[in-house]
Amino acid sequence: MTPRKDLLDIASLTDEEIQFVLDNAVPFKDLFKRSVKKVPTLKGQTVLPLFYEASTRTRSSFEVAATRLSADIIQFDVDSSSVTKGESVLDTVETLEAMKVDYIVVRHKQSGIPNLIARNTRASVINAGDGFHAHPTQALLDAFTIKETVSSVIGRKVVIVGDIKHSRVARSTSLILRRLGMKVAYLAPGSLMPRDVPDEVKVLNTWDELWAWQPEIIYLLRVQMERQREPFFPSVSEYHKVYGMTDDRLARARAEGLYVMHPGPVNRGVELTDNVMTYERSLINQQVENGIAVRMSVLYWLRPGAGVEA
Amino acid sequence: MTPRKDLLDIASLTDEEIQFVLDNAVPFKDLFKRSVKKVPTLKGQTVLPLFYEASTRTRSSFEVAATRLSADIIQFDVDSSSVTKGESVLDTVETLEAMKVDYIVVRHKQSGIPNLIARNTRASVINAGDGFHAHPTQALLDAFTIKETVSSVIGRKVVIVGDIKHSRVARSTSLILRRLGMKVAYLAPGSLMPRDVPDEVKVLNTWDELWAWQPEIIYLLRVQMERQREPFFPSVSEYHKVYGMTDDRLARARAEGLYVMHPGPVNRGVELTDNVMTYERSLINQQVENGIAVRMSVLYWLRPGAGVEA
Amino acid sequence: MTPRKDLLDIASLTDEEIQFVLDNAVPFKDLFKRSVKKVPTLKGQTVLPLFYEASTRTRSSFEVAATRLSADIIQFDVDSSSVTKGESVLDTVETLEAMKVDYIVVRHKQSGIPNLIARNTRASVINAGDGFHAHPTQALLDAFTIKETVSSVIGRKVVIVGDIKHSRVARSTSLILRRLGMKVAYLAPGSLMPRDVPDEVKVLNTWDELWAWQPEIIYLLRVQMERQREPFFPSVSEYHKVYGMTDDRLARARAEGLYVMHPGPVNRGVELTDNVMTYERSLINQQVENGIAVRMSVLYWLRPGAGVEA
């Protein structure tokens, strides 16, 4: 396996690399059963979260992962100062490069910023979500979660429901699942369905079509209420009624033994009813726990000097 | 002593538990005389401050306490992201539960939120102040401070002055002092005196009545100027004149050898004159130092696996 | 060398102390070539950044320096809580004193605040920039950068260009360079030239005069666009044309082999053209890297008990 510096998207990963990250997440997750959940693997390495877009969950997940590997976290508050002084992203990266941090974990509302940063630093850059482009660690944790839940992933059917068009989660997760041999469908309002759906992805228009397709996993996307200026659907309650996982649909999912996933944080009463949160086949909390294990595995995979040892 | 998971209020503590926390704070405080003030007790454990209400002092006190026990602190910024996305407290707790943090230190402006959280996580929950309800670590540090200052606490008289009605500090501290055998009085404007003052608490209306009661310790509350929409007293200078510790009252306190306490941060010129800050019997800074020792003791008491060892 | 508690400005340092800090930064910088850039020197010591004025770069530089010395960093958010509650600086310092932190790193928009704090705490206080007064660690890193770049510093000519009047960087850096035997000149618009320029500093009015003076290093100051209410110059593009390092001036600097420095963050198109960022004799990134080494050296120099050992 050729050593790699950055994790920018799923598309550029080899099958071997995907397998390496998923396989190594297993022993890291085993660690969580112990009272001390920490290993000295990255002692003395520094991880800098560079979050231009707020995200408590993803950021904390990376910080917990880094902490459990004994890395040091350098806080760098992009909101409060230099950016308001008009400093450009590249000037910030030059500074971080001169500071010689080992990892930069980037989130930015503009697609491609992590790639731009990666080209301008020797640090390992991990994309924690960029615009509508990619969210590779989310995809890896989703894949890991499905793999540990079902006996074999080949041919499994996963339907992704919601605002596919503006979702980096849909893009990255859909891709990794297909790479692993699963079948993927999209259910979205017409205004939120991308124009360039890949041929091998099934397009569904209604929940009736969804049931007819017989998925084993329903992946609900978050409605990005704060992102959309122009309304893509009439109202929140209308969305819930037509595209959300209502109590009725949950009852049917339960009857058919289907799993439910969601990248979090959820909008109760919008993309799902409250009762999904206690549904016995909801994998949502498992996704959160696996997020830490998978991110530990990614940090381990990209560790400085990994190429030399291999 | 039955092992306990959470510290939510003083009322639910046994005498033995109160004693345990106060006793164990002593060796932790001794540590502060050394150049390296750190012990490896909680190495590999994670502490997550979940502050829905800002508090630099209490939060820092907990973070210093956790650091001195070698725990890792996970920063989780509730203001900036998921909460503005409308995520509910319980959804956040589910996430933290899945992340398997060991301690959650909660502050919330609504009473009962720490209890709600504690019921929904295996982590140890420590209430760092909830609404008008409780602030148990403040009460414990106040009790510790008095115990180390006076030879014996039984029968000692403490008067609490200020906005008793809206004060979780008054509620928790008043309770612990009475539990330890002290006598407590309240002095407050009529509008800021609670209706349900316990029978054993003496109600005072003026400083003349206060002097007549002959307290040994005067505990001044902070005027929560940012909390009150409706004015409970005519003006700040009027409050100072009628209920504050003025220079004249400080002179009398000094003449009588009384101690002064305050939970911080102080409003100079409101609940107290500047000169209290340099008063030789002010215990205010001692309270801050003891806050760290007592919080270390609380973290130690609630440590994972403490029940197994005992 | 008499042990010292604080670093408040350059003026109060002895030559021996300046030399000590610069000399000891060398081995710390060597550390950065290693995979693990960390030493246990300040294990168990606590560093508290007290930033009343936002500064991502300087704050991160101190945090990385402290982390590489294995110190613990205590986050203390002055913006979000106690200050908005009207707590005064001195009350905060009393709290920090009671918490027994070992180092306080202060930035404040008002001159003299670090001195005030230093007098009221046993902690080592490091001035990270106060008003128009001083920025001693910037001066030390600037001196270190020049020393490692040119063979001998005696008689070297450095011109500082920009808003000298409101610049604590100009004040501190100009002083240390002269202390080390260099020659300093100022180029500034009349409205931004201080009235009390020291006799030994050459005053220049135009870039023609600058070239005629034959400097070896051009030190560009940041235009503090957010600080100035009243316009000291007609417009940003006018400033760039008359006082900035334009492409033409960069071409001449290149032809003459001159070095360019800047404290960061830069305003591209204002005090310098974009192309300075890739200029082969720009020392800007070297300044950032050296900032960490010099700040490690300062923390080491002021370490608790340093006097006892010496």
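Shielding by partners for C:46-58, please: the mean number of other protein chain Cβ atoms within 10 Å of each residue's Cβ.
4
Among bridges DSSP assigns within the protein assembly as shown, what percent are antiparallel (round to 5)?
Details: 3 of 96 bridges.
Counting DSSP beta bridges with both partners in the protein assembly as shown, the antiparallel share is about 5 percent.
Among A:100-109, B:34-43, B:50-59, how do they line up by average Cβ neighbours within 10 Å per residue, starting with the highest? Let's see the in-between values first.
Numbers: A:100-109: 23.1, B:34-43: 14.7, B:50-59: 20.8.
Put in order of decreasing packing, that is A:100-109, B:50-59, B:34-43.
To check you understand DSSP bridge types, tell me what percent of the beta bridges within chain C (both residues inside) are antiparallel, rounded to 5. Spell out each step's value before the answer.
Numbers: 1 of 32 bridges.
Antiparallel bridges make up about 5 percent of those DSSP assigns within chain C.
What's the average, rounded to a whole number, of partner chain beta-carbon atoms within 10 Å of each residue's beta-carbon in A:91-98?
6
Would you please put A:173-179, A:152-158 in order of how densely packed they are, using the mean number of other Cβ atoms within 10 angstrom per residue and starting with the highest? Please list the in-between numbers first.
Details: A:173-179: 22.1, A:152-158: 14.4.
Going by the mean number of other Cβ atoms within 10 Å, highest first, we get A:173-179, A:152-158.
So which chymotrypsin sites (Phe, Trp or Tyr not before Pro) in segment A:8-43 pass both tests, a DSSP loop state and at most 12 other Cβ atoms within 10 Å of the Cβ?
Details: sites: A:PHE20, A:PHE28, A:PHE32; in loops: A:PHE32.
In loop regions of segment A:8-43 (DSSP not H, G, I, E or B), there are no sparsely surrounded chymotrypsin sites (Phe, Trp or Tyr not before Pro).
Place the peptides A:186-199, C:276-289 in order of packing, highest mean first, counting for every residue the other Cβ atoms within 10 Å and averaging per peptide. Provide the component values of the computation, followed by the final result.
On the way: A:186-199: 15.1, C:276-289: 17.9.
Most protected by this proxy first, the peptides run C:276-289, A:186-199.
For chain B, set up a GNM with springs between Cα atoms under 10 Å and report which of B:THR273, B:THR246, B:THR95 has the largest fluctuation.
B:THR95
Smallest Cβ-to-axis distance in chain B, for the rotation taking B to A: which residue, how many Å?
Measuring from each Cβ to the axis, the minimum is at B:GLN75, 4.
Name the aspartates and glutamates eligible as straight-distance cross-link partners of A:LYS202: C-alpha to C-alpha under 18 Å, and not fewer than 8 places from it in the same chain.
A:ASP163, A:GLU216
Rounded to the nearest 100 Å², what is the sum over both chains of accessible area buried where C meets A, with a probe of 1.4 Å? Don't skip to the answer; put the middle values down first.
Details: alone 13980 and 14000 Å², together 25750 Å².
It comes to approximately 2200 Å² buried between C and A.
Take the alpha carbon gyration tensor of the protein assembly as shown, find the square roots of its eigenvalues, order them as a ≥ b ≥ c, and report rounded if a/c is under 1.5; if not, report prolate when a/b exceeds b/c, else oblate. Mind showing how you got there, number by number?
Numbers: a/c = 1.75, a/b = 1.00, b/c = 1.75.
Oblate.
Hey, what number do you get for the protein assembly as shown at 222 nm if only DSSP H runs of n ≥ 4 count, each worth -39500 (n - 2.57), divided across all residues, to the nearest 500? Don't jump to the answer; show the numbers that get you there.
Numbers: 33 runs with 363 residues, N = 930.
Helix-only estimate at 222 nm: -12000 deg cm²/dmol.
Assume the label is 7 Å from Cα along Cα to beta carbon: what separations in nm does A:GLN214 have to the matching positions in the other copies?
Label point to label point, same position, other copies: 9.0, 9.0 nm.
Among C:GLY131, C:ALA25, C:VAL39, whose Cα lies farthest out toward the positive end of the dipole of chain C, if unit charges sit on the beta carbon of Lys, Arg (+1) and Asp, Glu (-1)?
C:VAL39
Any idea what the dipole of segment C:68-209 comes to, in debye rounded to 20, about its Cα centre with Lys/Arg Cβ at +1 and Asp/Glu Cβ at -1? Intermediate results must be reported in sequence, preceding the final value.
Details: 18 positive and 17 negative charges, 100 e Å.
I would put it at about 480 debye.
Report the charge-dipole magnitude of chain C in Debye, nearest 20, computed about the Cα centre from +1 at each Lys and Arg Cβ and -1 at each Asp and Glu Cβ. Don't skip to the answer; put the middle values down first.
Values: 39 positive and 38 negative charges, 95 e Å.
The calculated dipole for chain C is roughly 460 debye.
Could you give, in nm with one decimal, how far C:MET1 is from each other copy of that position, shortest first, with labels 7 Å out from Cα toward Cβ?
Ordered by increasing distance: 4.7, 4.8 nm.
Could you look at the protein assembly as shown and say what percent of its accessible area is carbon and sulfur, using a 1.4 Å probe and all protein chains?
Numbers: 17670 of 35240 Å².
It is 50 percent, rounded to a whole number.
Rounding to the nearest 20 debye, state how big the charge dipole of segment A:136-288 is about its Cα centre with +1 on each Lys and Arg Cβ and -1 on each Asp and Glu Cβ.
Working: 20 positive and 18 negative charges, 77 e Å.
Result for segment A:136-288 is approximately 380 debye, rounded to the nearest 20.
Report, as an integer, the average count of C-beta atoms from other chains found within 10 Å of each Cβ along B:280-291.
On the way: counts 0, 0, 0, 0, 4, 5, 1, 2, 7, 5, 1, 3.
Mean number of neighbouring Cβ atoms from other chains: 2.
For C:PRO40, place a label point 7 Å from Cα along the Cα-to-Cβ direction in every copy; what are the distances to the other copies, in nm, shortest first?
From this label point to the equivalent ones elsewhere in the assembly: 1.0, 1.0 nm.
Calculate, for segment A:136-288, the solvent-accessible area per residue in square angstrom, rolling a 1.4 angstrom probe over the heavy atoms of the protein chains.
Numbers: 6310 Å² over 153 residues.
Per residue, segment A:136-288 has an accessible area of 41 Å².
Is the shape of segment B:88-247 rounded, prolate or oblate, going by the alpha carbon gyration tensor and its root eigenvalues a ≥ b ≥ c, with a/c under 1.5 for rounded and a/b larger than b/c for prolate?
Values: a/c = 2.73, a/b = 1.59, b/c = 1.71.
Note, shape of segment B:88-247 comes out oblate.
Indicate the gyration tensor shape class of segment C:1-48 (rounded, prolate or oblate), computed on the Cα atoms with a ≥ b ≥ c the square roots of the eigenvalues: a/c under 1.5 is rounded; otherwise a/b larger than b/c is prolate and the rest oblate. Don't skip to the answer; put the middle values down first.
Details: a/c = 2.69, a/b = 1.53, b/c = 1.77.
Oblate, because a/c is 1.5 or more while a/b does not exceed b/c.
The values are calculated or read from the model by the stated rules, or taken from the named source; none is laboratory data. Worth saying up front: this structure is predicted, and the values here are computed from it rather than measured. Virtual Cβ from ideal backbone geometry, glycine too; neighbours counted across all protein chains shown. Note: accessible area is taken over every heavy atom of the protein model, side chains too, but ligands, DNA and RNA are not part of it. Shrake-Rupley method; radii C 1.70, N 1.55, O 1.52, S 1.80 Å.
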